[in-house]
Amino acid sequence: MRLLFFALIFLFLPSGGEAVAAPKSVTYYLDGARVEQEVSAANGYVELRLPDNFAPGSLRVKPGPGGGVLRVEMVAAQQEPRRAGEIARLRERKAELLDRMAVLERREEIFSQAAKSQSGKAPRKTKANPDPVSSLQQGTDFALNQMESVYRSKRKCRKNLEEVERQLSATTKGVAAARIWLAGGKARVSYLLRDERWIPCYDLRITEEGVGELLLHARLPRREKGVQYLVSRGTVAEGLRAQTVRGEYPTLSRYPLHAVVPAEKGSPPSRLAFTAVETGLPPGEGYLFWHGEYLGGGRFTGGGATEFSVAR
């Protein structure tokens, strides 16, 4: 029993070199995102898998107390074993689709010639073929129907080929992993993500008396479980202080809003004027709520804005 117990412990230990789950945070900026994560090295080595939208040149590795960074190597997508297998599968699929397209083009050529041959024949009435016009028409219709089927198959094949080429292009690009050698057991890594940021969204909530509130929300990309998310109101380069958020549409702040009430009572406005809002707010999407009723959305210009219009 004791031997079995130790065998089970050994079986479920993390494999050497693979980055194990550790505290991770993602900070969203107006123009990008930064990932920070703690990694643990087994025997001084750890391999960190990187996402497809990793920004080249952005990796930073900070050793733990008393440790040091000995070496870092970036692994290209084609060299990473798992990615290499996916690349091989996609290339094989592309070759199959190209073969299929060649066969369809040959079939199109054959039926095109058959249709021309049928339409060019002079109808001759014989004992075996008492109605040559009908026979020729049937032959032409058959060839044309076959060509139509070939066209449909070619469209489908071309669409599949374009999708495989898109996947292949994305899979072969960039860096798939980072190999890190450490003096010490732990390090803190950080890197940037491309095409991933938070989007400012504003709720303009007004009562009929013109008193209301401006709410700034953050629309976030897809989130992972167990990850801490933060939002900064500046760019990556500015590095402004970030605040911790929860949910996919968190409220970052609230401001009083004093609007000019339209003269027509009971008629919801599509354009709203108000006292200037706080400076420094980034531009974004805006949504107007009048006495609890949603009236539509439009572009909100951000800090110092004095009016808002619903897009029609």
Here is a list: 252, 240, 230. Which entry is under 21 Å from residue 23 (Cβ atoms) and hydrophobic (A, V, I, L, M, F, W, C)? 230
Could you list, in sequence order, all residues of the range 173-209 that are in a loop (DSSP other than H, G, I, E, B), open to solvent by 10 Å² or more (accessible area, probe 1.4 Å) and not polar (S, T, N, Q)? 173, 174, 184, 185, 194, 195, 196, 197, 208, 209
From the option list 252, 288, 257, single residue qualifying as of a type in the set (A, V, I, L, M, F, W, C) and within 16 Å of residue 30 (Cβ to Cβ) is 252
Looking at the range 210-237 only, could you name the residues that are touching a strand residue (DSSP E or B) at 6+ places or on another chain (Cβ under 9 Å), open to solvent by 10 Å² or more (accessible area, probe 1.4 Å) and assigned to a loop (DSSP other than H, G, I, E, B)? 220, 221, 223, 224, 226, 227, 233, 236
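The values are calculated or read from the model by the stated rules, or taken from the named source; none is laboratory data. Since the model is a prediction, treat every value here as computed from it, not as a measurement. We place every Cβ from the backbone using ideal geometry, glycine too, and count neighbours over all the protein chains shown. Keep in mind that these areas ignore ligands, DNA and RNA; they rest on the heavy atoms of the full protein, side chains included. Shrake-Rupley method; radii C 1.70, N 1.55, O 1.52, S 1.80 Å.
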